[in-house]
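Here the structure is laid out as structure tokens; the discussion comes afterwards.
None of the figures in this text is laboratory data; all of them are computed from the coordinates on show. Please read all numbers here as calculations on a predicted model, not as lab measurements. Ideal geometry is used to build each Cβ from the backbone, glycine not excepted, and the neighbour counts take in all protein chains shown.
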């Protein structure tokens, strides 16, 4: 790991750490990623860790979250954890994220003691291993030159994660395609052995590339100035222990876009083929009306 990767990893781990203000009250920092809102994966990871710190000897196995307002990346976020239930096998927590006295996000999470039972799973897709793929290329310089400042800085948001896409470059669409995307990813560097941290980091990175699958059938590029996208919710289920510093395959699809919204789903496998987590997300996806100048450019 080079110095740049080490610095990016340290920044990410500092970002998701929380300051405990009271027994069930925590405060987290924000990172400016070049957009007017906080990155959804950041709030997910911090909320998961806030809830986890109120539970003993149990790990999060599912979460359901709603993004209520765009968070301010220049201000900290306060997480208020509510104890809903502590049973013999399961614990339930509700987390409210607050900025400037207003709720911006809420999360319901369930925790379970380790337990054995019936097992089955979908098979991992037959894809090339990450060692046979190149790391995703950086966005071409000529595209970055014409992109808004916000997007130029957003392209640097991946930090210490490495991605290797099976189905082509996700940032450079050549036209409409089927609503499927498969990619390998891993954290470059070790965050330690704490499974709570690994699951929080998996929640963080699960917000990358997932919803973009909903735009593939329409051939819409992230560089389209008319595009407006915002996450509405995020659900996640953890099936096994996971290490984010080892290669994981993200198998994503989008069954529908309709009514100004799109739905995307994902299955996350480890390199041994074990299904370790599942995700689902719905978001707003709209194209703003064309301006006369944009129509002229398209005609030419």
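Structure above, values below:
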item: For the chain: relative contact order, % (alpha-carbon pairs under 8 angstrom, 6 or more apart); result: 18
item: Nearest-ten-degree value, helix 3-16 long axis tilted from longest Cα axis of the chain; result: 60
item: On Cα atoms only, tilt of 195-205 relative to the major axis of the chain in degrees; result: 20
item: The range 204-280 shape via C-alpha gyration tensor axes, a/c threshold 1.5; result: prolate
item: Cα centroid of the range 5-23 to Cα centroid of the range 241-266, whole Å; result: 25
item: Label-point separation, residue 126 to residue 261 (7 Å along Cα→Cβ), nm; result: 3.7
item: Cβ-derived FRET efficiency at R0 25 Å, residue 7 paired with residue 72, nearest 0.05; result: 0.50
item: Cα long-axis angle, helix 40-52 against the chain (0 to 90 degrees, to the nearest 10); result: 0
item: FRET efficiency, residue 224 to residue 83 (Cβ-Cβ, R0 35 Å, nearest 0.05); result: 0.20
item: Candidates 198, 209, 100, ranked by Gaussian network fluctuation over the chain, Cα under 10 Å, top entry; result: 100
item: Cα gyration tensor shape for the range 82-128, rounded if a/c is under 1.5, else prolate or oblate; result: oblate
item: Tensor-based shape of the range 23-117 (alpha-carbon gyration tensor, a/c under 1.5 rounded, otherwise prolate or oblate); result: prolate
item: Gaussian network model of the chain, springs between alpha carbon atoms under 10 Å - residue of 203, 29, 50 with greatest fluctuation; result: 29
item: Alpha-carbon centroid distance for the pair the range 210-230 / the range 33-75, whole angstrom; result: 24
item: Potential extension, residue 193-residue 59 segment - 0.36 nm per residue separation minus Cα distance; result: 46.9 nm
item: Fluctuation leader among 277, 23, 45 - the chain, Gaussian network, Cα springs under 10 angstrom; result: 23
item: In nm, spacing of pseudo-spin labels at residue 114 and residue 177 (7 Å Cα→C-beta vector); result: 4.0
